[in-house]
Structure formats: structure tokens, C-alpha cells
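Enquirer: Before I ask anything, let me first share the structure, which is written out below as C-alpha cells.
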Amino acid sequence: MPLKLSLNTITPQFLPKYDDQETIYDELINELTEASDLIDESDVAFVGGDRIYFGDASKWKKFANSLKLRLAIHTSKVAGSKWKDYIAEALASGVFESNDDVAAYHYGTSPEHCYFYEGFFVSARNDFTLTRSFIDILKGQPDTLNGKNHPWTSVVDPRLSIYTTPRNGQYVGIPYGIPSASMAAAFRNLAPNIYAEPPVVLAPDFPVPLLTYAEVQFIISEYNGFTVPEYAEGVEASLRYWAGLDGVSLSDSDVDDYVDNVSQNVDAEAVALQKYIDLYMNGMEAWTEIRRTGYPTQLLQPNEISTLSATNEELKFTTLSDTKGLIVARVKYPTNESTLNKANFDNAVSRLEDGTNNYYTPMFWDKRRTEGPHPANK
């Protein structure tokens, strides 16, 4: 018998209180556990409208458990957190087993096309491109301007030609954090011409990855103490997944060579950097990983040199004054909350650094400032 809800049984919450972050994480993980337990794999999950797994209940169950891995690893730096227990539970219940399980939202070509395509080709936002820091990571180039090494110097990532396109035979990213007036014409002429030769991520029906098998393998590697087999499996899975999206045929030898080159020293940096590369087009999760781990170190930090001017003047990456010279650590609470929900807003803000609604108070799992730049897992 269908469940009927009466409006009289629902208590409206016009002035909600702000739960603390740890409570939210625990509740989200508990909900994922409950959802996974409720899924009947012998039945169809949805009869229509499922643009991720098209009704496959088994894959939805794996997705719930794999998402539980992601949320659990977020809290790995927090003393007393239950992240290891949560991961063990998820693994026992069943997580992604191959690229066939990847959770991706499948857009059509029209009218519901991918929003990355929408931004570039419908809204004509031509002011986005890949940064030089990221391109250099993919090219295996160290940052000589800031004296930063690359863990795999001279090793070119096969995903470079998938993520973007060359211009005049070269892959050159744009330096960021500098005034537009300082952007030399030479850089503009070398930036990828995505309108002439758009990469696969800008196709109207690009299936946006929400959670990949590669990410799951990197999480398991970290959970096991940065183990090589799961790390290597994650790297290979990422190469083959992205190549498959682009219709590129990577030979077994090309894959094996790259995996071997980036597996000589598997540690926290290697796992974090490969996960960051795989998280291309998933900026929110990549941002989370930067704040959680401190990697990649190759990304520019405030006051580091972004590029040199035509006169060899050092042009530096600077941030807005209200970040306290840091990369943004959180998103501010919406301004209208200060008037529409003032008491609860004020209470929440009072728990932030300096008692202000700011960009620099770290999340509860971000321990870089209290325990060093790259905290160990607890």
C-alpha cells in the first residue's frame, strides 16, 4: 500500500539550526549504509529516468558503498574518527569492481546536453582553460620558477591529449592569478583552441563522472597504507576509462610503461597526485583532496611565481585579502541567512575563526595548519 503523507504531519522548519560538520558526516554515512542495505539487487532500481545506471540495482548498491568510502577517507586525518571502520563495512558490502561500475551522469545531445558544453558553446564562456600548473603536471615538468620538483619528471601522462588539445603542436597552460593586462599575447596564442578542436569533455553528451573505479582503488590503497597493487590498478583504470571516453586506443605497452614509471615510489604524494589527475572535471572533490592532503604541491600557493613578464618581472599569484593569504578553505554562509535566520546564523558564525563568516576557517577534517602541511592518517 502506498505511503500517504499529510501536510498536517509535517512540521515546517523555517529557522533551521546548523549541525556541526562531524554530525553531518556521520549521518550521511549512516544514510548510505541504510540505503545500501535496502537495495534489492534482484529488482529494478528505477523504471525510468535513471541517467546513471539505467535501473541496475546492483550498481546502485556498489555506488552507495563506494560513496561511503569517499566520505570516510575525508575524515582520515581526524583523531578518533571511525573512517577505518566505515571503509571496512563498505568493502564487505561491495564496492566498484571495474570501470563498468563507474557512476557517471549520461547526458543526451539535445536538449539536455552536458553543462560543460553549455558553458563553452551556448553561453560562450571562452574565459576558461587549463592552468599551466596542471598542464605541467601532465607533461612531467617541474616548476623551475618556484623550485618545485615533479615526482615523475619527463614522464608524459597519456591523459594529456584526452583532457585538452594542442595548439601549434604544443600543450601550454595559462598562468593564473595574474592581471589580465599581464597576460602576454604569446600565452593567448598557445592556449588550447577548444572551439576549433574541442576535447571529449566538451562534447554535448559527455558522461560526467561522479565517482570512478580508479578513485575507489586509490582510497583502498590509502586505507591499506598506500599499497602498490591497488594504486597501480587505480592508475591503469583511470587511463583506460578516460581513453575509452575519447575513443583512444592505448596499447598495453603504453599503459604498462606509464604505470611502471609512476609506481617506483608509492606513497601519500603519489596516491594523492594520481587521484587528483583522475578527478579532472570533478572540481569539488579535487578541492576537498587538496585541503585534506596538501597535495599536489605542484599547484601554486599564494605569493608564488605564476610567470615572468616580458621584462622578466616576477608575476605572483595573490589571493583576495579576506582569505588571509591562503587558498580558500570553505564557502561562506549565504548572506541572506544573516537576516532570514539570524539567531542560528550568528551561533554558527561564532564557532568559526575570529567569529566571522570567512573563507579561511578550515573544515573539521582539514588538519594541515594544526598538524603540518601533510598530516598523517590517524
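The values are calculated or read from the model by the stated rules, or taken from the named source; none is laboratory data. Keep in mind the model is a prediction, meaning the values are calculated, not measured. Here the Cβ positions follow ideal geometry from the backbone for every residue, glycine too, while neighbour counts run over all protein chains shown.
Enquirer: Need the failing condition index for Ala348 against (1) free of Cβ contacts under 8 Å to residues at least 60 places away in the same chain; (2) of a type in the set (Gly, Ala, Ser); (3) under 29 Å from Ser81 (Cα atoms), just the number.
Expert: Looking at each condition in turn, Ala348 falls short on (1).
Enquirer: Take the residues in the range 80-104 that are assigned to a loop (DSSP other than H, G, I, E, B) and within 20 Å of the chain's Cα centre (by Cα); name whichever of them is nearest to Leu32 (Cα to Cα).
Expert: As a first pass, look at the range 80-104 and keep what is assigned to a loop (DSSP other than H, G, I, E, B): 80-82, 94-98, 102.
Now narrow it down to the ones that are within 20 Å of the chain's Cα centre (by Cα): 95-96, 98, 102.
Values: Val95: 12, Phe96: 15, Ser98: 21, Val102: 17 Å.
Per the stated criteria, the residue is Val95.
Enquirer: For the range 137-181, name all the residues that are within 23 Å of the chain's Cα centre (by Cα), of a type in the set (Val, Ile, Thr) and not in a helix (DSSP H, G or I).
Expert: As a first pass, look at the range 137-181 and keep what is within 23 Å of the chain's Cα centre (by Cα): 137-143, 148-152, 155-165, 171-177.
Cutting the leftovers down to of a type in the set (Val, Ile, Thr) gives us 137, 155-156, 162, 164-165, 172, 174.
Within the range 137-181, Val155, Val156, Thr164, Thr165, Val172, Ile174 qualify.
Enquirer: Oh, and also: Could you check how many residues of the range 110-128 are in a loop (DSSP other than H, G, I, E, B) and surrounded by fewer than 17 Cβ atoms within 10 Å (Cβ to Cβ)?
Expert: At the first step, the residues of the range 110-128 found to be in a loop (DSSP other than H, G, I, E, B) are 110-114, 123-128.
With surrounded by fewer than 17 Cβ atoms within 10 Å (Cβ to Cβ) added as a condition, the list becomes 110-112, 123-128.
Residues flagged as in a loop (DSSP other than H, G, I, E, B) and surrounded by fewer than 17 Cβ atoms within 10 Å (Cβ to Cβ) within the range 110-128 amount to 9.
Enquirer: Name the one entry in Val208, Val156, Val228, Val216 that is modelled with pLDDT of 95 or more and touching a strand residue (DSSP E or B) at 6+ places or on another chain (Cβ under 8 Å). Reasoning before the result, please.
Expert: Values: Val156 fails: touching a strand residue (DSSP E or B) at 6+ places or on another chain (Cβ under 8 Å); Val228 fails: touching a strand residue (DSSP E or B) at 6+ places or on another chain (Cβ under 8 Å); Val216 fails: touching a strand residue (DSSP E or B) at 6+ places or on another chain (Cβ under 8 Å).
Within the list Val208, Val156, Val228, Val216, the selection yields Val208.
Enquirer: Pick from the range 284-306 the residues that are in contact with a Ser or Thr (Cβ under 7 Å, 6 or more places away or on another chain) and aliphatic (A, V, I, L, M): which of them is surrounded by the most Cβ atoms within 10 Å (Cβ to Cβ)?
Expert: Taking the range 284-306 and keeping what is in contact with a Ser or Thr (Cβ under 7 Å, 6 or more places away or on another chain), we get 298-300, 302-303.
Restricting the remaining residues to those that are aliphatic (A, V, I, L, M) gives 299-300.
Working: Leu299: 19, Leu300: 21.
Only one residue fits best here, namely Leu300.
Enquirer: Next question. Kindly indicate whether Gly283 is more than 17 Å from Lys77 (Cα to Cα), without any contact (Cβ under 8 Å) to a residue 24 or more places away in the chain and outside the structural domain of Trp365 (by TED's automatic domain parsing).
Expert: Working: more than 17 Å from Lys77 (Cα to Cα): yes; without any contact (Cβ under 8 Å) to a residue 24 or more places away in the chain: yes; outside the structural domain of Trp365 (by TED's automatic domain parsing): yes.
In short, yes.
Enquirer: Follow-up. Conditions: (1) surrounded by 19 or more Cβ atoms within 10 Å (Cβ to Cβ); (2) polar (S, T, N, Q); (3) part of a loop (DSSP other than H, G, I, E, B). Ser133 meets all but one. Number of the miss?
Expert: Against the list (1) surrounded by 19 or more Cβ atoms within 10 Å (Cβ to Cβ); (2) polar (S, T, N, Q); (3) part of a loop (DSSP other than H, G, I, E, B), Ser133 comes up short only on (3).
Enquirer: Right, something else. Just for the range 34-79: of the residues that are among the aliphatic types (A, V, I, L, M) and not in a helix (DSSP H, G or I), which one is nearest to Phe364 (Cα to Cα)?
Expert: Start the filter on the range 34-79 by keeping residues that are among the aliphatic types (A, V, I, L, M), which leaves 35, 38-39, 44-45, 47, 52, 57, 64, 67, 69, 71-73, 78-79.
Restricting the remaining residues to those that are not in a helix (DSSP H, G or I) gives 39, 44-45, 47, 52, 78-79.
On the way: Ile39: 31, Val44: 38, Ala45: 35, Val47: 40, Ile52: 31, Val78: 8, Ala79: 11 Å.
Taking the candidates together, the pick is Val78.
Enquirer: Still on this structure: Out of everything in the range 233-272 that is within 17 Å of Ile220 (Cβ to Cβ) and in contact (Cβ under 8 Å) with a residue 60 or more places away in the chain, what residue ends up being surrounded by the fewest Cβ atoms within 10 Å (Cβ to Cβ)?
Expert: Just the residues of the range 233-272 that are within 17 Å of Ile220 (Cβ to Cβ), to begin with: 233-238, 241, 259, 263, 266-268, 270-272.
Checking the rest, the ones that are also in contact (Cβ under 8 Å) with a residue 60 or more places away in the chain come to 237-238, 241, 268, 270.
Working: Ala237: 22, Ser238: 26, Tyr241: 19, Ala268: 17, Ala270: 22.
Per the criteria, the residue is Ala268.
Enquirer: Next question, about the same structure. Going by what's in this entry, would Leu279 be described as modelled with pLDDT under 95 and buried (at least 18 other Cβ atoms within 10 Å of the Cβ)? Give the derivation first.
Expert: Values: modelled with pLDDT under 95: no; buried (at least 18 other Cβ atoms within 10 Å of the Cβ): yes.
No: the conditions fail for Leu279.
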